[in-house]
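> One structure follows; several queries about it will come next.
The values are calculated or read from the model by the stated rules, or taken from the named source; none is laboratory data. What you see is a predicted model, and the numbers here were worked out from it, not measured in a lab. Note that we place each Cβ from the backbone using ideal geometry, even for glycine, and neighbour counts take in every protein chain shown.
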Amino acid sequence: MTSLQEAVENGGVYRFEGSGGAPLSHLSGKPTRHVRIEKPPTKRALLDTLAAVLGFPDHFGGNWDALYDSLTDLTLTPGSTLVIEIGGLARLARQAAGDLTTAIETFRDAARFWRERDVRLVVLLGATGRPGRDLPEVS
């Protein structure tokens, strides 16, 4: 099991059932932006919510490629951290496991992109069911 501090320091995608909305900004000692999304029931709802809370452009395409493009197009400064916490994915995992698997892969690719630029993208996913079972768990 990975500590939350380690996850924030390293970046990546993790299973997380934790904060209950508590701010995570104090963890890394670096500038951290924390976004919490509650229980997106569908792919569309997840993408629309991410677009709204992260300020994606109006022309955001609403698909996985557009999500990657928009995540890697954010204005983030070297040494900073962006934590995206998405809770309650059980319904999406049950009804669209393939979509959740693709979302996880997209988040992993974006985290790798940012790691190469000295930015930590941390995605904490709650209630992922089978699609997230291989993700490292954060305590």
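> Name every residue in segment 108-132 that is crowded, with 19+ Cβ neighbours inside 10 Å, in contact with a Phe, Trp or Tyr (Cβ under 8 Å, 6 or more places away or on another chain) and not in a loop (DSSP other than H, G, I, E, B), in order of residue number.
Result: ALA110, ARG120, LEU121, VAL122, VAL123, LEU124, LEU125.
> Only one residue in LEU121, LEU92, LEU135 is closer than 19 Å to LYS43 by Cβ and in contact with a strand residue (DSSP E or B) (Cβ under 7 Å, 6 or more places away or on another chain). Which one?
One residue alone meets the criteria, LEU135.
> Does GLY62 satisfy the criteria of being modelled with pLDDT of 90 or more and on the phi > 0 side of the Ramachandran plot?
Yes.
> Find the residue count for segment 1-41, including only residues that are crowded, with 19+ Cβ neighbours inside 10 Å, assigned to a loop (DSSP other than H, G, I, E, B) and at pLDDT 80 or above.
Final tally of qualifying residues: 1.
> Hey, another quick one. Only residues that are free of Cβ contacts under 8 Å to residues at least 24 places away in the same chain, surrounded by fewer than 16 Cβ atoms within 10 Å (Cβ to Cβ) and in a loop (DSSP other than H, G, I, E, B): list them for segment 47-98, please.
Hits for segment 47-98 are GLY55, PRO57, ASP58, HIS59, GLY61, GLY62, ASN63, ASP73, LEU74, THR75.
> Tally time: how many residues in segment 33-63 are within 25 Å of GLU17 (Cβ to Cβ) and not aliphatic (A, V, I, L, M)?
12
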